[in-house]
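The block underneath contains the structure these notes are about, expressed in structure tokens.
The values are calculated or read from the model by the stated rules, or taken from the named source; none is laboratory data. All values derive from a computational prediction rather than experimental measurement. For neighbour counting, all protein chains shown are included, and Cβ atoms are generated from backbone atoms with ideal geometry for every residue, glycine included. In case anyone asks, the SASA skips ligands and DNA or RNA and just uses the protein heavy atoms, side chains included. Shrake-Rupley method; radii C 1.70, N 1.55, O 1.52, S 1.80 Å.
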Amino acid sequence: MIGSALQQIKEQLQGREIAELIELPAMSDPNAQAAIQLLGMLFSAVYQGMPGLLPLLGATMVRLSLEFGNAPASTIGYVAHSMVLCAFLGEVETGYKFGRLALAVLERLNTQSMKCITLGMFGFFIQPHQEALRAALVTLKESYKAGMETGNLLSAGYDIGSYSHLAFFAGVELDLLEPELAAYSAAMAQMKNDSARFLLDMTWQTVQNLRETVSQSDRLIGTAYDETVMLPKHQQDNELMMIVVAFIFKLLLAYCFGNYPAAVDILTQLKPCWMVLSGTVFIPIFHFYAALTHLALLPTQPETEQAQLLTQATTHQAALHQCAHNAPMNHLHKWHLIEAERYRVLGNKAAAIEHYDQAIALAQEHQFIHETALANELSAKFYLEWKKERIAQEYMTQAYYGYARWGAKAKVADLERRYPQLLAAILKQAHSALSIDETVFAVGTVTSTTSSSSVSDSLDLCAILKASHAISSEIELEKLLSSLLSIVIENAGANKCVLMLLRDDRLLIKGSITEGSKPVVLQRLPVEDSQEIPHRLIYKVKHDKQTAVLVNASAEPTLANDPYIIRQQPKSILCSPILYQGQLKGILYLENNLVTGAFTSDRVELLNLICAQAAISLENARLYERSQNYAQQLEQSFNELSAAQSRFHNLVDNVPGVVYQFRMSADGITSLTYISADCYTLYEITPEQASANVVDCLG
């Protein structure tokens, strides 16, 4: 029956574009209206209680719309059919078109009562198959708002639970995400929407486990969620979806903290039931961590079991490949990371290197902070096994800062404990920041007197808030540049700062400042023409789009031949990219000539936060500057037009018995019309046909 219903839809659509269905007439048949409205009311119950009937439900609603026209409930029919195509049939492109059709009909009919369900289903089950996860976050927030406004509290709760999952997997900073989760959890508790609250609390507890070191990192036990209490309850209530979601979060944590045996046990429990989450972002996440777990274990197992582990990893990677094909912005970097790990265990180092770097670049490009850090961490482990400790140190440093930026303090501490030899420079900087007199720096940002070395533990919150407010409040480029340079020199422990902005793929020095002096801004000096910066380092940061920290710049082998380094012999250097939506907008170069190791981990983190805010403000300033230029051009054109009109009026006013009229276009005056005073005859001529003095007057 289901196959027949789906086939009937295909036949009805022969020769028709899905987007054109927005032009179907309004449904007027009373029987059809009653039927589609009833089916729409059944949607939630069918989805939760009998999902096997969802294809039939969606196909029936689409058929009614095709035969009788669009109705408010058609939006649910289209989005249900879209979900079936994406989740169960693998027809992602067609399914996405039906999802977009549902949104178009929703907007056309302005049906508020259907908005929450339609947007919620599209945002969680359809949009991530073709768009970035972060785009779906906006949709789910809007669906939550619509549900709260229309009283559909149940759907609103599920939507915000879905939002929590996507926000976590998209790599939203945990420091920003956790307060949101706490607020939404409290709201769900007030509405007594326990199912939505449990799903949200699992995400919240996962965030807590990443932010706070606990004895068993892969167990969801804390103030947000307690698996020892909740998992038996889910089993008793036959809530299979809840169990699978919890176990996928546990799998992620077990792998993240290196507890591979626990990860294998979790995979064993997931094996018979993970398909309950088909069509959701949990499926590629499951395949990703399952494949990585098998590959991590493979070298430690007997040869008889290694082939089986490799086969299992390859199977999960193949499943992920289709997700990467449909939504490369969300999953292609994951596939490359698995491929790198696969080549690692096979001993193909050259191929492994290529795929590690691909994974890092793609994850960074699409703002997956946590998975950029993970790719750097695995790259570091690969080089460490290869006895390339110096290269491993560079990758592990990037992993360290990446996890810190994400807000995963527990993971940062885990790296410090596991790889102290690779992080020795960072740990030494952090400890030195506690022992060096703070007067060495312009303004000390070390606020802790403990022995903790984690970058997130010693940030000066007041400095961050002050800097963020000062930068975000400026819209004019000159004031923004001056403010930015002053803030950086004050807070970053530098005695020299140079700001470069990218214009037409060329870096221009737009401002600079030295300690104790005022900023010099609105320069336009090409980087290659400057003798005040190390060119090689600048170009490396431009290419890699990653922060470079040099503890002792004069002793750095890669810069040994740089003329600036040879001439100035700087002690410490920090060079950081300014990124807006993954695109390079500029570079900040900082230098300290007094001490080595001046740019401690907390200062690097503070500068990263300042750069993130500066990127947004610089983009706003650029748009503002462009609008001002347009306004000036418009005013100039208006003044020129007014002057031409005035000259023309003066000319024809001296011609007795003639009334005039003229037409203009963007190219100037196109025709002149003379009205004879004695016979009222209209004469239309071009400027070229007019008398010489008229042409001269018009310019």
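Taking other residues whose beta carbon is less than 13 angstrom from the beta carbon of GLN364, and scoring Lys, Arg as +1 and Asp, Glu as -1, yields -2.
I'd like the distance between the alpha-carbon centres of region 1-68 and region 135-155, rounded to an integer number of Å. Each part reduced to its Cα centre gives a spacing of 23 Å. Between region 269-314 and region 197-222, what's the alpha-carbon centroid distance in Å? Result: 22 Å between the Cα centres.
Towards the positive end of the charge dipole of region 217-300, with charges on Cβ (+1 Lys, Arg; -1 Asp, Glu), say which of ILE248, ILE221, LEU231 has the farthest Cα. The listed residue farthest towards the positive side: ILE248. Subtracting the Cα-Cα distance of ASP504 and LEU594 from their residue separation scaled by 0.36 nm leaves 28.8 nm. If you take the charge dipole of region 481-609 about its Cα centre, with +1 on Lys and Arg Cβ and -1 on Asp and Glu Cβ, which of VAL551, ALA494, SER512 is farthest toward its positive end? Of the candidates, SER512 comes out farthest on the positive side. Shown in residue order for region 558-570 are the 3J(HN,Hα) couplings computed by the Karplus curve 6.51 cos²θ - 1.76 cosθ + 1.60 at θ = phi - 60°: 5, 10, 4, 9, 6, x, 5, 5, 5, 6, 9, 6, x Hz (x for Gly and Pro). Given a 1.4 Å probe and the protein chains as shown, TRP335 ends up with an accessible area of around 50 Å².
Calculated FRET efficiency, ARG390 and GLU20, Cβ-Cβ r, R0 60 Å, to nearest 0.05? The pair ARG390/GLU20 has a calculated efficiency of 0.50.
Considering only VAL345, GLN358, VAL412, the residue lying farthest towards the positive end of the dipole of region 337-414 is VAL412, judged by Cα position with unit charges set on Cβ. Report note on the peptides 22-28, 482-488: ranked by the mean count of other C-beta atoms within 10 Å, highest first, their order is 482-488, 22-28.
The label-point distance for LEU89 and THR268, in a model that sets each label 7 Å from Cα toward Cβ, rounds to 4.0 nm. Under 19 Å from a label point set 7 Å out along the Cα-to-Cβ vector of ARG418, the amide N atoms of region 365-380 belong to 369-380.
The local environment of CYS575, defined by Cβ-Cβ distances under 15 Å, has a net charge of +2 under the rule Lys, Arg +1 and Asp, Glu -1.
According to the square roots a ≥ b ≥ c of the eigenvalues of the Cα gyration tensor, what is the shape class of region 121-228, taking rounded for a/c under 1.5, prolate for a/b larger than b/c otherwise, and oblate for the remainder? Oblate, since a/c reaches 1.5 and b/c is not below a/b.
Backbone amide hydrogens, once placed in the peptide plane, bring THR111 within less than 5 Å of nothing, excluding anything fewer than 5 places away on its chain. Heavy-atom accessible area, probed at 1.4 angstrom with all protein chains present, ranks PHE599, PHE68 as PHE68, PHE599, highest first.
Between GLN636 and SER278, the contour length at 0.36 nm per residue exceeds the Cα-Cα span by 122.9 nm. The calculated FRET efficiency for the pair THR315 and GLN235, based on their C-beta separation and a Förster distance of 25 Å, comes to about 0.35.
Under the simplified labelling scheme, the GLN583-ALA350 pair shows an inter-label distance of 3.6 nm, with each label point 7 Å from Cα along Cα→Cβ. Charging the Cβ of each Asp and Glu at -1 and of each Lys and Arg at +1, and nothing else, the dipole of region 370-417 about its Cα centre rounds to 60 debye.
Please work out the C-alpha center-to-center distance from region 393-412 to region 495-572 and express it in whole Å. Each part's Cα centre sits 25 Å from the other's.
The protection proxy used here, the mean number of other Cβ atoms lying within 10 Å of each residue, ranks peptides 162-170, 587-595 as follows, highest first: 162-170, 587-595.
The residues packed around ILE126, meaning those with a beta-carbon under 14 Å from its beta-carbon, carry a net charge of -2 if Lys and Arg are +1 and Asp and Glu are -1.
Taking 0.36 nm per residue of sequence separation and removing the Cα-Cα distance, the SER113/LEU522 pair yields an extension gain of 141.9 nm.
Taking every protein chain into account, the accessible area of region 141-222 amounts to 37 square angstrom per residue (probe 1.4 Å).
Solvent exposure of region 465-603 amounts to 44 Å² per residue of accessible area, where only protein heavy atoms count and the probe is 1.4 Å. Shape call for region 258-345 from the C-alpha gyration tensor, a ≥ b ≥ c root eigenvalues: rounded (a/c under 1.5), prolate (a/b greater than b/c) or oblate? Oblate, since a/c reaches 1.5 and b/c is not below a/b. Computed about the Cα centre, the dipole magnitude for region 269-407 is approximately 80 debye when only Lys and Arg (+1) and Asp and Glu (-1) carry charge, each at its Cβ. Loop-located trypsin sites (Lys or Arg not before Pro) in region 130-223 (DSSP state other than H, G, I, E, B) with a sparse environment of at most 15 neighbouring Cβ atoms within 10 Å: LYS192.
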